[in-house]
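Single-structure report; data block below.
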Amino acid sequence: MSKALQQSADMVLITDCEGVVEYINPAFEKITGYSIDEVIGGSPGILKSGKQDSDFYCKVWDTILSGEVFSDVFVNRKKNGELY
């Protein structure tokens, strides 16, 4: 699985259950402009665009922590400020 994640064109970010980033793949770095050193050990909140409110993010975590699959559209912000 590790090789598949490394080679994926889609960005991957994995956190622990406390929300601390444990893994990002090269596509994450390419798409967002953030390096592995800037992200690992931090929060995925680094990507927040301000386009979604705190209720949205509470729903994300509540869904994931309950073992359900969360599906929605995120509007995030790259390191250069561009939305994606």
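Out of region 58-73, which residues are of a type in the set (A, V, I, L, M, F, W, C) and either without any contact (Cβ under 8 Å) to a residue 24 or more places away in the chain or touching a helix residue (DSSP H, G or I) at 6+ places or on another chain (Cβ under 6 Å) (or both)?
Pass one, region 58-73, residues of a type in the set (A, V, I, L, M, F, W, C): 58, 60-61, 64-65, 69-70, 73.
Answer for region 58-73, where residues must be of a type in the set (A, V, I, L, M, F, W, C) and either without any contact (Cβ under 8 Å) to a residue 24 or more places away in the chain or touching a helix residue (DSSP H, G or I) at 6+ places or on another chain (Cβ under 6 Å) (or both): 58, 60, 64, 69, 70, 73.
Filter region 50-82 down to residues that are in a loop (DSSP other than H, G, I, E, B), under 19 Å from residue 5 (Cβ atoms) and over 12 Å from the mean Cα position of the chain (by Cα), then give me how many there are. Explain how you work it out, then say what you get.
Going through region 50-82, the residues in a loop (DSSP other than H, G, I, E, B) turn out to be 50-53, 66-75, 78-82.
Still in the list and also under 19 Å from residue 5 (Cβ atoms): 69-70, 74.
Subsequent filtering for residues that are over 12 Å from the mean Cα position of the chain (by Cα) retains 69-70.
Qualifying residue count, region 50-82: 2.
Restricting to region 23-57, name every residue that is exposed (fewer than 12 other Cβ atoms within 10 Å of the Cβ) and more than 22 Å from residue 81 (Cβ to Cβ).
41, 55
Show the residue pairs that are 6+ apart or on different chains and have beta-carbon atoms under 9 Å apart, the first residue being within region 33-57 and more than 17 Å from residue 70 (Cα to Cα) and in contact (Cβ under 8 Å) with a residue 24 or more places away in the chain, the second being part of a loop (DSSP other than H, G, I, E, B) and among the polar types (S, T, N, Q).
33/80
For region 58-78, enumerate the residues that are in contact with a Leu (Cβ under 9 Å, 6 or more places away or on another chain) and either exposed (fewer than 10 other Cβ atoms within 10 Å of the Cβ) or farther than 20 Å from residue 17 by Cα (or both).
Step one: list which residues in region 58-78 are in contact with a Leu (Cβ under 9 Å, 6 or more places away or on another chain), which gives 74-78.
Once the filter is applied, which keeps residues that are in contact with a Leu (Cβ under 9 Å, 6 or more places away or on another chain) and either exposed (fewer than 10 other Cβ atoms within 10 Å of the Cβ) or farther than 20 Å from residue 17 by Cα (or both), region 58-78 yields 75, 76, 77, 78.
Readers should treat all values here as calculations from the given coordinates under stated rules, not as data from a laboratory. Computed from a predicted structure; not experimentally measured. Positions of Cβ are generated from backbone atoms using ideal geometry, with glycine treated the same way; all protein chains shown enter the neighbour counts.
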